[in-house]
Amino acid sequence: MSAPAPVKKAMRDAFIGKALEAMASEKNLYFLSADFGAPLLDRIRKEYPCNFFNVGIAEQNLVSVAAGLAFEGMTVHAYAISSFLATRAFEQVKINLSLHSQVREVNVNLVAVGAGLSYDISGPTHHGLEDLSVVNSLPGITLFSPSDWVLAEKFHAYALAHKTPKYLRLEGKPVPAIYDTRPEVKIEDCFCELQRGEEVCVVSTGFMTHVALDALKRVPAGLKPGLVDLFLLKPLDGERLLKTLGRYKKIITIEEGFVGAGGMDAIVSSLVNASGLGLKIKSLGFRNKFVFEHGPREYLHSLYGLDAKSLAALVEKELGA
């Protein structure tokens, strides 16, 4: 008999479920929404009405109210669509969270749903391609980009324990579990080498880890590419990551975001270049262009060479070069 298919679940549901559990004992835990719903959020509103606020379609206000509560010692989850939370509220994130975190504890967790092309058919206004670059540019903000709901669920305990601002870059659609069979993986690990290989290693984050897993299955037998899933981009255990990447000669980074603009590719490239390892790096993503083409995610990926077939062909080429 074949192994059962991994369970699919939305990252937001996994995280909100843990928040709901924690509220029974964490009296200073608050959940704020920018008029953005979820079934489990209805339970929080019903069971803990004094700890839930809907601030309306006002992401700037969302961050400001969250910061005010955090300044009074509360732990706050602020929930909104990623494309609006990262950009519309940028000044509030910068001043109220990033700046203040250098002089005081500010435990605000920005729960941003809709990473990358999650909202594929909604068009470029709803695509979240810039948030990795935007958030990475701000000091003091933890940047979390999980590939599955298991990691999103695990992150809740990390969010309570670390009293700093955090940006949770969550996929908008349900995804299969990757880490349900890897209980030993911790958020503090920052990454996981899902497949150990030779010569070439793919470094992915978020939804693109699923694409990378599919791509590596398409690589001809006998070739052995590696795969690293990078989920905690900041703070990053750079020494440990370099130890892993140092076994390879070529690195391919792939992300559902703008490349050459300070995102994951920049984090990996700057780390590798500073190390003097001399690894060849190729970065895949969206380069200085919004996605105006209309269609489902898989179609959009194929237009920009980000689909599993294209990635598999590139890996095969690099392994044979």
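The values are calculated or read from the model by the stated rules, or taken from the named source; none is laboratory data. Computed from a predicted model, the values in this text were never measured in an experiment. Cβ placement follows ideal geometry from the backbone for every residue including glycine, while neighbour counts extend to all protein chains displayed.
Residues satisfying the criterion are present in the stretch 258-278 (criterion: under 18 Å from V135 (Cβ atoms), in a strand (DSSP E or B) and assigned by TED's automatic domain parsing to the domain that holds L233).
The single condition from (1) outside any strand (DSSP E or B); (2) assigned by TED's automatic domain parsing to the domain that holds K282; (3) modelled with pLDDT of 95 or more that P220 fails is (3). For residues in the stretch 284-320 being within 22 Å of the chain's Cα centre (by Cα) and acidic (D, E), which is surrounded by the fewest Cβ atoms within 10 Å (Cβ to Cβ)? Among residues in the stretch 284-320 that are within 22 Å of the chain's Cα centre (by Cα) and acidic (D, E), the one surrounded by the fewest Cβ atoms within 10 Å (Cβ to Cβ) is E298. Looking at the stretch 208-222, is at least one residue among the basic types (K, R) and either at positive phi or touching a strand residue (DSSP E or B) at 6+ places or on another chain (Cβ under 9 Å) (or both)? Among the residues of the stretch 208-222, not one is among the basic types (K, R) and either at positive phi or touching a strand residue (DSSP E or B) at 6+ places or on another chain (Cβ under 9 Å) (or both), which makes the answer no. Can you find a residue in the stretch 87-110 that is under 19 Å from the mean Cα position of the chain (by Cα) and closer than 24 Å to L284 by Cα? Yes, that holds for at least one residue.
Could you say whether any residue in the stretch 288-302 is in contact with an Asp or Glu (Cβ under 6 Å, 6 or more places away or on another chain), among the basic types (K, R) and assigned to a helix (DSSP H, G or I)? Looking through the stretch 288-302, at least one residue is in contact with an Asp or Glu (Cβ under 6 Å, 6 or more places away or on another chain), among the basic types (K, R) and assigned to a helix (DSSP H, G or I).
Can you tell which of D120, D148 is closer than 16 Å to F290 by Cβ and acidic (D, E)? So the residue among D120, D148 that is closer than 16 Å to F290 by Cβ and acidic (D, E) is D120.
Can you tell me which residues in the stretch 85-117 are more than 30 Å from E293 (Cβ to Cβ) and either modelled with pLDDT under 95 or in a strand (DSSP E or B) (or both)? V108, N109, listed by residue number. Taking the residues in the stretch 142-197 that are among the charged types (D, E, K, R), part of a loop (DSSP other than H, G, I, E, B) and touching a residue at least 60 places away in the same chain (Cβ under 8 Å) as candidates, determine which candidate is nearest to Y248 (Cα to Cα). Among residues in the stretch 142-197 that are among the charged types (D, E, K, R), part of a loop (DSSP other than H, G, I, E, B) and touching a residue at least 60 places away in the same chain (Cβ under 8 Å), the one nearest to Y248 (Cα to Cα) is D148.
Taken over the stretch 24-37, the criterion of being under 21 Å from K154 (Cβ atoms), surrounded by fewer than 17 Cβ atoms within 10 Å (Cβ to Cβ) and not hydroxyl-bearing (S, T, Y) is satisfied by A24, E26. What residue, of A67, A115, A78, is touching a residue at least 60 places away in the same chain (Cβ under 8 Å) and touching a helix residue (DSSP H, G or I) at 6+ places or on another chain (Cβ under 6 Å)? Selected residue: A115, the only one of A67, A115, A78 that is touching a residue at least 60 places away in the same chain (Cβ under 8 Å) and touching a helix residue (DSSP H, G or I) at 6+ places or on another chain (Cβ under 6 Å). In the stretch 272-283, is there at least one residue being surrounded by 13 or more Cβ atoms within 10 Å (Cβ to Cβ) and touching a residue at least 40 places away in the same chain (Cβ under 8 Å)? Looking for residues that are surrounded by 13 or more Cβ atoms within 10 Å (Cβ to Cβ) and touching a residue at least 40 places away in the same chain (Cβ under 8 Å), one finds none in the stretch 272-283, hence no. Considering every residue within the stretch 178-200, establish whether at least one is in contact with an Asp or Glu (Cβ under 7 Å, 6 or more places away or on another chain), crowded, with 24+ Cβ neighbours inside 10 Å, farther than 20 Å from L245 by Cβ and hydrophobic (A, V, I, L, M, F, W, C). No, every residue in the stretch 178-200 fails to be in contact with an Asp or Glu (Cβ under 7 Å, 6 or more places away or on another chain), crowded, with 24+ Cβ neighbours inside 10 Å, farther than 20 Å from L245 by Cβ and hydrophobic (A, V, I, L, M, F, W, C). Condition check: in contact (Cβ under 8 Å) with a residue 12 or more places away in the chain, within 18 Å of F155 (Cβ to Cβ) and surrounded by fewer than 17 Cβ atoms within 10 Å (Cβ to Cβ). Does E21 satisfy that? The answer is no for E21.
Annotation note: Cβ proximity below 6 Å between a residue of the stretch 291-313 that is without any contact (Cβ under 8 Å) to a residue 60 or more places away in the chain and a residue that is loosely packed, with under 13 Cβ neighbours inside 10 Å and of a type in the set (D, E, K, R) (sequence gap 6+ or interchain) occurs for L303/E293. Could you please let me know if Y179 is in contact with a Lys or Arg (Cβ under 9 Å, 6 or more places away or on another chain), among the aromatic types (F, W, Y) and under 20 Å from S101 (Cα atoms)? When the stated conditions are applied, Y179 does not pass them.
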